[in-house]
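Written out below as structure tokens is the structure these notes cover.
All of the numbers you see were taken from the coordinates with simple rules; none came from a lab. Given the structure is predicted, the values throughout are model-derived calculations rather than measurements. Glycine also receives a Cβ, built like all others from the backbone with ideal geometry; neighbour counts cover every protein chain displayed.
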Amino acid sequence: MRKPFIAGNWKMHKTVAEAVDFAKRLREAAARLTDRDVLIAPPFTALYAVAEVLKGSGIHVAAQNLHESRQGAFTGEVSGPMIAEAGCDYVLVGHSERRTLFGEDDALIARKIEAALECGLKVIFCIGETLQEREAGLTAGVVERQIKEGLKALRNDDIKQLVIAYEPVWAIGTGKTATPGQAEEVHAVIRTLAGRLFGEAAADSLPILYGGSVKPDNMAELMAEKNVDGGLIGGASLDFDSFFRMVMFDRKD
Ligand code: PGA
């Protein structure tokens with residue numbers, strides 16, 4: 001009942017022209033795929049142009065971050081309503097690069113999630129432990145804290161607007177992927193916790209993506225796990241052919 005969800009996080013890569021070129025190819029190749037969700041998250045500068053290309057295609061467009069206020073004197077920041085108006089339907093919140101390089105903590109992430117939902121954006125909420133935390137046996141506790149703190153302000157039905165991406169920090173951009181077993185173990189913890197917090201039915205339909213060095217070569221084995229519903233892909237989503245192979249992870253032709 002949960003559709004595969006394949007998402008590309010481009011981070012600080014691609015000019016507007018490059019992004020539009022990619023989006024046109026993606027529209028051509030993936031617009032008619034109704035059995036899976038496909039999403040790209042270009043940098044802010046390319047959002048409007050990419051969303052225009054993908055309008056009506058069913059392919060999702062996400063911003064990689066938002067400010068928690070609707071407007072104001074926040075030089076250099078972009079708000080949820082601006083992102084929604086540019087044509088996005090999703091926004092990433094809580095990516096580990098935002099947490100570690102830009103000092104975002106659980107409380108700020110909770111406010112950003114609330115702000116995103118308020119203006120009708122769906123959220124890909126990223127969580128995950130560091131290598132140190134994993135080695136100390138803290139993985140389950142860390143993701144539990146991130147979920148409880150990050151989703152504090154969620155109201156009844158808000159969970160339906162949410163996708164969770166489990167991204168172990170030690171696997172992001174390192175070429176070191178979690179094994180399918182390691183990913184499944186944490187995804188199962190996340191789904192059980194979501195059941196406790198939001199009810200069984202909501203937890204059952206919650207998409208939980210794995211992220212961290214996903215590539216065309218390891219996508220299918222990760223997707224074979226019961227609780228792995230998709231991938232949030234960084235480096236390997238920048239090349240069209242590589243990304244499209246992961247979109248079509250279950251097709252041989
Ligand atoms: P990666 O990045 O695929 O390059 O490891 C994943 C992410 O940060 O979302």
Amide H to amide H, which residues 5 or more places from ASP89 or on other chains are under 5 Å from it, using H placed in the peptide plane? VAL61
Using eta = 1.567 mPa s and T = 4 °C, Stokes-Einstein with Kirkwood Rh from Cα pairs puts D for region 1-130, in µm² s⁻¹, at 86
Global size of region 179-249 as Cα Rg and Dmax, reported in angstrom: 13.1, 40
Just PRO42, PRO180, PRO207 to compare: in a GNM of the chain, with alpha carbon springs under 10 Å, which one fluctuates most? PRO180
Rounded, prolate or oblate (a/c below 1.5 giving rounded, otherwise prolate when a/b exceeds b/c) for the chain by Cα gyration tensor: rounded
To make sure I understand, if each residue's beta carbon is the centre and we count other beta carbons within 10 Å, what order do GLU135, GLU18 fall in, fewest to most? GLU135, GLU18
As I understand it, the dipole of the chain uses +1 on the Cβ of Lys and Arg and -1 on the Cβ of Asp and Glu, about the Cα centre. Which of ILE164, ALA110, MET246 lies farthest toward its positive end? MET246
Answer in debye to the nearest 20: the dipole magnitude of region 47-158 about its Cα centre, from +1 Lys/Arg and -1 Asp/Glu charges placed on Cβ, is 120
Contact order relative to length for the chain, counting C-alpha pairs under 8 Å separated by 6 or more residues, stands in percent at 19
Cut-off 10 angstrom, C-alpha nodes, Gaussian network model of the chain. Which of GLY175, GLY76, GLY103 fluctuates the most? GLY76
Placing unit charges on C-beta atoms (Lys and Arg positive, Asp and Glu negative, everything else neutral), compute the dipole magnitude of region 5-247 about its Cα centre in debye, rounded to 20. 300
Run the dipole for region 1-114 about the Cα centre, Lys and Arg Cβ at +1, Asp and Glu Cβ at -1, nothing else charged, and hand back the magnitude in debye, nearest 20. 380
GNM of the chain, Cα pairs under 10 angstrom: of ALA178, ALA136, ALA107, the biggest fluctuation goes to ALA136
How big is region 23-97 along each principal axis, measuring the range of its Cα positions in Å and listing the largest first? 42, 25, 16
Considering the convex hull of the alpha carbon atoms of region 122-253, report its projected area averaged over all viewing directions, in nm², one decimal. 8.1
When the helix-only estimate is applied to the chain (DSSP H runs of n ≥ 4, each -39,500 (n - 2.57), divided by the residue count), what is the mean residue ellipticity at 222 nm, nearest 500 deg cm²/dmol? -12500 deg cm²/dmol
By Cβ neighbour count within 10 Å, fewest first, TYR166, TYR48 rank TYR48, TYR166
